[in-house]
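**Student:** Pasting a structure below so you can have a look.
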Amino acid sequence: MAIKDFFTEVQQQEISQSIERAELNTSGEIRVHLEDKCKSEPVKRAIEVFEKLAMHQTELRNGVLFYLAVKDKKFAVIGDQGINNLVEVTFWDDVKTTMLQHFQQGLFAEGLSKGIEMAGEKLKVHFPYQSNDVNELSNDISFGE
């Protein structure tokens, strides 16, 4: 199965809509990236993808990346320094734990959407929506090789 087919078209739309809803209340930016295999440790690979997607170039450094390597069954959730400086040190682990509970039941789209919702709530607290806010990054899922 091609990586682009991991989620159905409907699930991809639901995930993009979860990002859109989460970003309605914040100036933060959320992305989802899927690959078949993780070329290194998941957090390290997520950092590479984060930079490749130019997520570190947001004005307030408040981007969040959900990285999934589906065949390897590995994932990471990372935030840029703007959000990392403000959230509790355990926050991303809490998000991952919630997602993993869904993933273990085979509910990948639901788990991802729940994680996005949690990140959006935290971003809303620290980076509330501004009237001049622009969506700096695409809400669509990006795919690796």
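The values are calculated or read from the model by the stated rules, or taken from the named source; none is laboratory data. Remember, it's a predicted structure, so these values are computed and weren't measured experimentally. Using ideal geometry, Cβ is built from the backbone for each residue, glycine included, and neighbour counts are taken over all protein chains shown.
**Student:** Quick check: is even one residue across segment 37-58 within 22 Å of residue 129 (Cβ to Cβ) and of a type in the set (Ser, Thr, Tyr)?
**Tutor:** Yes, segment 37-58 has at least one match.
**Student:** Let me ask something additional. Consider residue 45 carefully, then state whether it is surrounded by 14 or more Cβ atoms within 10 Å (Cβ to Cβ) and on the phi > 0 side of the Ramachandran plot.
**Tutor:** Taking the combined requirement at face value, the residue does not satisfy it.
**Student:** Residue by residue through segment 1-32, note down the ones that are aliphatic (A, V, I, L, M) and assigned to a loop (DSSP other than H, G, I, E, B).
**Tutor:** Within segment 1-32, 1, 2 meet the criteria.
**Student:** Of everything in segment 85-119, what is polar (S, T, N, Q) and either crowded, with 19+ Cβ neighbours inside 10 Å or under 14 Å from residue 74 (Cα atoms) (or both)? Give them in sequence order.
**Tutor:** Across segment 85-119, the qualifying residues are 97, 101, 104, 113.
**Student:** If you don't mind, another one. Is it fair to say residue 74 is in contact with a Pro (Cβ under 8 Å, 6 or more places away or on another chain) and more than 18 Å from residue 16 (Cα to Cα)?
**Tutor:** yes
**Student:** How many residues does segment 70-84 hold that are under 23 Å from residue 128 (Cβ atoms) and surrounded by 15 or more Cβ atoms within 10 Å (Cβ to Cβ)?
**Tutor:** Looking only at that region, the number is 7.
**Student:** If you don't mind, another one. Could you tell me which residue of segment 29-76 is farthest from residue 99 (Cα to Cα), considering only residues that are of a type in the set (Ser, Thr, Tyr) and at pLDDT below 95?
**Tutor:** Step by step, filter segment 29-76, then rank; the result is 58.
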